[in-house]
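Everything below concerns the one structure shown next.
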Amino acid sequence: MTTDTQIVPGAATEFHAPERGRFRHLFVPNVAYKLFLAIENDDNAPAAIRVTDALARRGALPTVLRTIDLMPAVAGTGDSMIAYTEAVLGEEFYRTQEGIIVSTMRDLLGAARPWPVRAVVGEAASTIASEAEAANAELLVIGIHHHGRFSQALGENTATRVMSHARIPVIGVRHDTKKLPRRIMVATDFGDASVEAAHLAANLADPDGTVILVHATLPTPIVVEGDEGAALVQGVGIEHAFLNLSAQISKGRKIHVETITRIGDAATELLAAAEQIAPDMIATASQRHGFLDRLILGSVSRRIVREGRWPMLVAPPAHTA
């Protein structure tokens, strides 16, 4: 394994950044966007509420969803089971759940917030994704947990399922998250989705925050057809790719940009880099690959999310939203 770190000054502008309109306008000062706060676990609720409130002061328009999964999914029951459950529980159950969330927000933040609150019954991940899409949300905020190797081996959790399938960026908040990040590590392969993640991280860290771009690659990289990031690195070299992306994300922002290259298995090296960097948040892409590609390359983003040791920002390519 080799590590190469360099600091790129924010004034580096020898490359022409693409039009800002290519990327989502999240976290841009004085620009409003719809945020969906999904509360599934009471342990993570306070941290997720605090982060949402901080984002609301920077343009977010939050809606709160309390998901209640009362029973395991049964194949073939679908909406009929949900309708039956709703009929049995009655409106009072939902109003009580919504009241608990409103009370929690008021106690935690010191005053009520004018955020719409809804309680729904259903499998958490699919309910969160469908409700956010129906509300035309532009950002999801959910809680994440740290999972040991045994728990990770048991399969997916709500956060990984939501982040794997959401068409919009997702912020995963740990229970001990207290404020917006100032030091964000971006796992980049220079493809469209990770470039999107880098721009969002730069917006979120601005002003005066630090964005650390980390690229991990095998000694002999596997280049898959259609992988624009690998093609870029192969064509212009890693240093040029770093300079280009650093210039893009620093243009018009007051941020510090650092770059790191690591050699080895991507997920392993990115986790090692995170240990070294100790970021406030890790930003990564949720670029979707075909089944064969996943067998060869693995899902780097999924492994980092399932680790659950850092708050996460996971972004799909902007054009898929």
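The values are calculated or read from the model by the stated rules, or taken from the named source; none is laboratory data. Everything numeric in this text was worked out from a predicted model, so none of it was measured. Here Cβ is always computed from backbone atoms with ideal geometry, including for glycine, and neighbour counts include all displayed protein chains.
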| note | Among strands (runs of 3 or more DSSP E) entirely inside the stretch 57-151, those with 3 or more residues being modelled with pLDDT of 95 or more and buried (at least 16 other Cβ atoms within 10 Å of the Cβ) are 60-68, 139-143
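Could you tell me whether any residue of the stretch 163-172 is surrounded by fewer than 18 Cβ atoms within 10 Å (Cβ to Cβ) and at pLDDT below 85? Even if it seems obvious, please write down each step before you answer.
First, pick out the residues of the stretch 163-172 that are surrounded by fewer than 18 Cβ atoms within 10 Å (Cβ to Cβ): 165, 167.
If we keep only those that are at pLDDT below 85 as well, we get 165.
Checked against the condition, which is being surrounded by fewer than 18 Cβ atoms within 10 Å (Cβ to Cβ) and at pLDDT below 85, the stretch 163-172 yields at least one hit.
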| query | Given the conditions (1) closer than 19 Å to Ile168 by Cα; (2) at pLDDT 90 or above; (3) in contact with a helix residue (DSSP H, G or I) (Cβ under 6 Å, 6 or more places away or on another chain), which single one is not true for Glu40? | reply | (2)
